[in-house]
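Only one structure is covered here, and it is reproduced in the block below.
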Amino acid sequence: MRVIVVGAGVLGTMHAWQAVERGHEVVHLERETEARGASVRNFGLIWVSGRAQGEELDTALRARELWEGIGARVPDLGFRANGSLTAIRTQAELAVAEQALTLPDAAARGYRLLDADQTRAANPALRGELLGALWCERDAAVEPRTAQPALRAALQATGRYTFLPGREVRDVIGENAVRDDHGDVHTGDLVILCTGAWLGGLVRELAPSLPVRKVRLQMMQTDPLGETLTTSVADGDSFRYYPAFAGTALDRLRDTQPQPDVAAEHKMQLLMVQRRDGGLTIGDTHEYDQPFGFDVVEDPYDHLVGVAEDLLGRPLPRVRRRWAGVYAQCVDTTRVVHRERLRDGVWLVTGPGGRGMTCSPAIAETTAELANL
């Protein structure tokens, strides 16, 4: 079978991976020279800890398993099973973590509550004042800026994969072909559209009532820390953001411990991941109302620096770069992804939201099974 995949972000690349793994030939089109959207503007987290019970967690756990297997075959992904620590600094946050331990799937997530000494033993870089941390053993990380090129190199080595960058698809022809903006027609047995946050143009023509919205975020990266951050790190505000932590303890946290104004206004949490060069990727904000601003604003960055320095107990290295990104998210946020068969042989897969980097291998696997690849 010959499969046409449109979009070379992590979701499209994982669909290409699934097709090649199943013995098929893939032609992979991307409108940019490289993916430049949410797939490279994220933390590189394979994030299991906060996923909602049910389909979302099941998808994340399966994806975590797939990521580890792919990472063993493609070392340049930088896969590392480093786990995560959600730092706890107040009694209200501690109560949320304790309630999380009572979840029926707590063991599957690898939850364990650590006191302050155990937290510092697990991650000696956390020298700030804290009560402890919620450890999640199943969390992991990859390098987002190099993951797609590394995967493509492995795919090209099979001899059954062709990557065509700088090709914007303008039309889907019938049930098995697309036409790009060079006028070339690419014919196959199956077409899979993974167009990310590109929801206008052809996508709107094909799916005019798409139940997907855009979300904008701000992030940054520092110079090398000069020591190892042995785990990914979150702050207690992440309890407010991830659905696994919903419950009476979180309700009390919201009532008794309001976020600082800037964090509430920008719907913030702190996530912090060390890159292979030693720098730290730190974020993030969430903006839902369009039109989005075209600039980045400093107050959220000041807040993130303050929280990160409090946890580390030291000044951050110089901020090397800042950026904004946009991802596509299902309007119904309980849905892992919007997957739609537009016509026989043509599928659209979009809207995983902030779960894209985590869940893409399992999302692609499910698409392959539904499409009888």
- Task: Report, ordered by the first and then the second residue, all pairs with beta carbons closer than 6 Å, sequence separation of six or more or different chains, a first member in region 18-30 that is closer than 16 Å to THR367 by Cβ and β-branched (Val, Ile, Thr), and a second member that is modelled with pLDDT of 95 or more and open to solvent by 20 Å² or more (accessible area, probe 1.4 Å).
- Result: VAL20/THR158; VAL20/ARG160
- Item | Where GLU93 falls short, out of the listed (1) surrounded by fewer than 18 Cβ atoms within 10 Å (Cβ to Cβ); (2) of a type outside the set (A, V, I, L, M); (3) closer than 14 Å to PHE245 by Cα; (4) in contact with a Gly (Cβ under 6 Å, 6 or more places away or on another chain) | (1)
- Considering residues that are part of a loop (DSSP other than H, G, I, E, B), closer than 13 Å to SER49 by Cα and open to solvent by 10 Å² or more (accessible area, probe 1.4 Å), the number found within region 105-151 is 4
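Conditions (1) open to solvent by less than 40 Å² (accessible area, probe 1.4 Å); (2) within 16 Å of the chain's Cα centre (by Cα), marked per residue:
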{"residue": "VAL3", "(1), (2)": "yes, no"}
{"residue": "VAL26", "(1), (2)": "yes, no"}
{"residue": "GLU34", "(1), (2)": "no, no"}
{"residue": "ASN42", "(1), (2)": "yes, yes"}
{"residue": "GLU55", "(1), (2)": "no, no"}
- Message: Quick check on GLU98: is it surrounded by 14 or more Cβ atoms within 10 Å (Cβ to Cβ), modelled with pLDDT of 95 or more and assigned to a helix (DSSP H, G or I)?
- Response: no
- Would a scan of region 236-259 turn up a residue that is modelled with pLDDT of 95 or more, open to solvent by 20 Å² or more (accessible area, probe 1.4 Å) and part of a strand (DSSP E or B)? no
- Evaluation of MET14 against (1) farther than 26 Å from LEU130 by Cβ; (2) out of contact with any Gly (no Cβ under 8 Å at 6 or more places or on another chain); (3) open to solvent by 30 Å² or more (accessible area, probe 1.4 Å) (one fails), failing number: (3)
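Could you look through region 363-373, keep only residues that are over 14 Å from THR13 (Cβ atoms) and touching a Lys or Arg at 6+ places or on another chain (Cβ under 9 Å), and pick out the one that is most open to solvent (accessible area, probe 1.4 Å)? Talk me through it step by step, then tell me what you get.
Of the residues in region 363-373, the ones over 14 Å from THR13 (Cβ atoms) are 366, 369-373.
Checking which are touching a Lys or Arg at 6+ places or on another chain (Cβ under 9 Å) leaves us with 366, 370-371, 373.
Details: THR366: 53, LEU370: 92, ALA371: 19, LEU373: 33 Å².
Filtering region 363-373 for residues that are over 14 Å from THR13 (Cβ atoms) and touching a Lys or Arg at 6+ places or on another chain (Cβ under 9 Å), the one most open to solvent (accessible area, probe 1.4 Å) comes out as LEU370.
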- Here are some residues: THR187, THR230, THR195. Which one is within 30 Å of ARG322 (Cβ to Cβ), open to solvent by 30 Å² or more (accessible area, probe 1.4 Å) and either hydroxyl-bearing (Ser, Thr, Tyr) or modelled with pLDDT under 95 (or both)? THR230
- Message: Condition (residue is under 24 Å from PRO208 (Cα atoms), of a type in the set (A, V, I, L, M, F, W, C) and touching a Lys or Arg at 6+ places or on another chain (Cβ under 7 Å)) applied to region 270-293: is it met by at least one residue?
- Response: yes
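One residue is enough: does region 163-170 have a residue meeting the conditions more than 24 Å from THR33 (Cα to Cα) and aromatic (Phe, Trp, Tyr)?
No: zero hits.
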- Task: Please tell me if ARG167 is outside any strand (DSSP E or B) and under 17 Å from ALA19 (Cα atoms).
- Result: no
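The values are calculated or read from the model by the stated rules, or taken from the named source; none is laboratory data. Everything numeric in this text was worked out from a predicted model, so none of it was measured. Quick reminder, even Gly has a Cβ in these numbers, built from the backbone with ideal geometry, and neighbours come from all protein chains shown. For accessibility, only protein heavy atoms count, side chains too; no ligands or nucleic acids. Shrake-Rupley method; radii C 1.70, N 1.55, O 1.52, S 1.80 Å.
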